[in-house]
1. Does A87 satisfy the criteria of being touching a helix residue (DSSP H, G or I) at 6+ places or on another chain (Cβ under 6 Å), within 17 Å of G58 (Cβ to Cβ) and either part of a strand (DSSP E or B) or not basic (K, R) (or both)?
2. Quick check on the range 90-108: of everything there that is of a type in the set (D, E, K, R) and outside any strand (DSSP E or B), which residue is surrounded by the fewest Cβ atoms within 10 Å (Cβ to Cβ)?
3. Any residue that is closer than 30 Å to F364 by Cα and within 22 Å of the chain's Cα centre (by Cα) - is there at least one of those in the range 267-286?
4. Any idea which of (1) small (G, A, S); (2) more than 28 Å from A81 (Cα to Cα); (3) at pLDDT below 95 is the one A257 doesn't satisfy?
5. Looking only at the range 229-261, count how many residues are of a type outside the set (S, T, N, Q) and out of contact with any Pro (no Cβ under 8 Å at 6 or more places or on another chain).
6. What are the residues in the range 399-416 that are in contact with a helix residue (DSSP H, G or I) (Cβ under 6 Å, 6 or more places away or on another chain), in a helix (DSSP H, G or I) and hydrophobic (A, V, I, L, M, F, W, C), if any?
7. Under the condition of being buried (at least 18 other Cβ atoms within 10 Å of the Cβ) and more than 25 Å from the chain's Cα centre (by Cα), which residue from the range 211-242 is farthest from R271 (Cα to Cα)?
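The values are calculated or read from the model by the stated rules, or taken from the named source; none is laboratory data. Just so we're clear, the structure is a prediction, and the values are computed from it rather than from any experiment. Every residue, glycine as well, gets a Cβ built from its backbone with ideal geometry; the counts of neighbours run over all protein chains shown.
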Amino acid sequence: MRNGVKAVVMAGVCVTLLGGAGYGLYNFASAVNGDDGGGAAAVRTGPPDGSEVKGATGAFFAAWEKGDAATAASYTNYPEAAQELLAAYGGAAHIGAVRITPGRAAGDTVPFTVKATVSYAGTSHPLAYRSSLTVVRGRTSHRALVDWQPSVVHPRLRTGDTLTTGESAAPEIEAVDRDGKVLTRVKYPSLGPILDELRSRYGDRTGGRPGVELVIRHQVAADGGRTADTPLLTLAKGRPGKLPTTLSASAQAVAEAAVLKYPESSVVAVRPSTGEILAVANNRRDGFDAALLGERAPGSTMKIISAATLIDTGRTTADGPAPCPPSAVWQSQTFHNLKGLQPDEHATLSDSFARSCNTAFVKFADEVKVDSLTAEAQERFGLGRNNWQIGVPSFDGRVPASGGPDTAAGLIGQGQVQMSPLNMASVTATAKTGSFHQPVIVPLKLDGREPARARGLSSGTSGQLRAMMNRTARSGTAAGVMAGLGGDVGAKTGSAEVDGEARSDSWFTGYRDDVAAAAMVQDGGHGIDAAGPIVASVLRNAG
């Protein structure tokens, strides 16, 4: 009986070995020989050791090279998701002849190089790239497994993405700036996602002819929209069509250089007289276009809209009272000023604006209606209606009618208020000219888009805002950053605290003559620390 039982156990283990894609041999030996002293299989815990990392990656790479998606996926901790993408790799993407060369492991992380061939409709092209993976311990199997991420298959893949090869969804475009200069992702890296989106939207309007490409196809969003395909490799060139944009190659170059000095930074420049977008630049590890799509509390840069609200609702004027106490309480929440700011009970709105006194604005929460700030943002500055048609996707700002402590917090750009650098550049442009011009990145006439509209500001309100912003730039919190800039200038600094983050976001917005720019640096500190120098550089060199 005992031998018979052992035979059954061995047979069962063999089945597991064959069907379980590499179930550890140490478990097999322990179960048969009773090495744990109790007859149960020994379970390994803790991070995989070097031999396990080598074994798991070797088996995964071997199956991937053979095009065996199911087996390769079985060596990961999320086999269903892995199999779907690996099957598309050899199927819809038509990638074959795969050769993977692992590099030297650094603990549980293994870098590797992939060389393969993409073949479609009689055309073949080599494909080469680098990626990496991490090996983890399976939660229930306790096996060493590849920690599944789409980036394992290609470093530019994210959750929900897939790969496909075929005729381009849209012809290539040759995007040109306002002076006819060609804009490329190689020369202007921040424009990569924008150029992809412009191609998706306007490629078939420019007279071009589709080519054959390997692309990343992105997941459909909850609202039914889809981010434009990201081209990885061209197998057969089409004929690009020329697409005019409002961008300025010189301003874009300045913006690209400016954000490189500060991690997690974004900036947008617009022309106040027209709303034309001159430059969009990001320097972010995640590749997200926060300049156009970011949703962050704008801090004290919001005081431009708040000051306009106070003036337009008759609460005060630039030269009217806006006392700056050391603290202010609104519905049991206490608000403070920046460290070192001296209180001034006799301050005017212009004084408190230039010094960026939070408590001065919070004190007006008793007088303004819950929806006053919302109405000002929507009706005067064109924000928060989700109807901007700039030519590519954008976030249009959010200023909800919030009650409770958020009524006061909204006045200083906190609470539920959310903005992007594009939004604040537009706010600055409206304050400068008194007119709201919805930002655009391609001419409206190209596809007959109807722009968002707003009433704009009265000449009296606009004049007071310009005077306060000019004072801020010349002798207020922005003076150090704006020093040396001639012409008609104005600015507003800002910093925004974000839950769970050690440092505040740095915000700064300003104008010089017919250029307005706004920047945001996540975890950048005060407005003058990071965002300010970015904006000043753009204003100095992008006229």
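1. It is false that A87 is touching a helix residue (DSSP H, G or I) at 6+ places or on another chain (Cβ under 6 Å), within 17 Å of G58 (Cβ to Cβ) and either part of a strand (DSSP E or B) or not basic (K, R) (or both).
2. My answer is R104.
3. Scanning the range 267-286 turns up no residue that is closer than 30 Å to F364 by Cα and within 22 Å of the chain's Cα centre (by Cα).
4. With respect to (1) small (G, A, S); (2) more than 28 Å from A81 (Cα to Cα); (3) at pLDDT below 95, A257 is out only on (3).
5. Adding up the residues that qualify gives 18.
6. Those that are in contact with a helix residue (DSSP H, G or I) (Cβ under 6 Å, 6 or more places away or on another chain), in a helix (DSSP H, G or I) and hydrophobic (A, V, I, L, M, F, W, C): A408, L411.
7. L235
Condition check ((1) in contact with a Pro (Cβ under 7 Å, 6 or more places away or on another chain); (2) crowded, with 22+ Cβ neighbours inside 10 Å) across all residues:
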{"position": "G275", "(1), (2)": "yes, yes"}
{"position": "T301", "(1), (2)": "no, yes"}
{"position": "A318", "(1), (2)": "no, yes"}
{"position": "S327", "(1), (2)": "no, no"}
